[in-house]
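Some notes on the structure that comes next.
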Amino acid sequence: MLVTIAERYASGNTLALLDPRDVDGVESAVDREWVRLVILGVAMTGAAIAAGLSELSAAASTQIVAVVGAVAWVLLYRDRLSPGDVLDVMRGQSRK
């Protein structure tokens, strides 16, 4: 099976790495990316509201929201993104 995947990948056939008979009965992975994005949005919104209601200056509030967003991002995506990938996302680039 690994040889089949490697050969098809090497030939550029990335949309059909396995035959349909090879994946019969296999349970599909559940995509829960939306949960992470909702949690990140709630954390950022909460930080922005809390910083706005505080007696801090606008510059300090901005920094607090940025730090909360960065920490939330790292906590939510630590198993999926390396630090280099996070920098690439922030720059709008990709090394892959």
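All of the numbers you see were taken from the coordinates with simple rules; none came from a lab. Note that the coordinates shown come from a computational prediction; the quantities given were computed from them, not determined experimentally. Cβ atoms come from the backbone with ideal geometry, glycine included; neighbour counts cover every protein chain shown.
Placing +1 at every Lys and Arg Cβ and -1 at every Asp and Glu Cβ, with all other atoms neutral, what dipole size does the stretch 12-58 have around its Cα centre, in debye to the nearest 20?
220 debye
Excluding residue 1 itself, what net charge comes from residues whose Cβ is under 12 Å from its Cβ, given Lys and Arg +1 and Asp and Glu -1?
Local net charge: -1.
Between residue 57 and residue 44, 0.36 nm times their residue separation minus their Cα-Cα distance comes to what?
2.9 nm
First select every other residue whose beta carbon is under 12 angstrom from the beta carbon of residue 72; then total the charges, Lys and Arg +1, Asp and Glu -1.
+2
Identify the GluC sites (Glu not before Pro) of the stretch 1-36 meeting these criteria: DSSP loop state and at most 16 other C-beta atoms within 10 Å of the C-beta.
Counting only loop positions with at most 16 other Cβ atoms within 10 Å, the GluC sites (Glu not before Pro) in the stretch 1-36 are 27.
For the chain, what is the mean residue ellipticity at 222 nm derived from helices alone (per DSSP H run of n ≥ 4: -39500 (n - 2.57); sum divided by total residues; nearest 500 deg cm²/dmol)?
One gets -20000 deg cm²/dmol as the mean residue ellipticity at 222 nm.
About the Cα centre of the chain, what is the dipole size in debye to 20, counting +1 per Lys and Arg Cβ and -1 per Asp and Glu Cβ, all else neutral?
320 debye
Among 9, 77, which comes first, second and so on when ranked by fewest other beta-carbon atoms within 10 Å?
9, 77
With only alpha-carbon atoms counted, please give the Rg and Dmax of the stretch 1-84, in Å.
Considering the stretch 1-84 through its Cα atoms, Rg and Dmax are 21.3, 63 Å.
Work out the charge dipole of the chain with +1 on the Cβ of Lys and Arg and -1 on the Cβ of Asp and Glu about the Cα centre, then indicate which of 3, 34, 72 is farthest towards its positive end.
72
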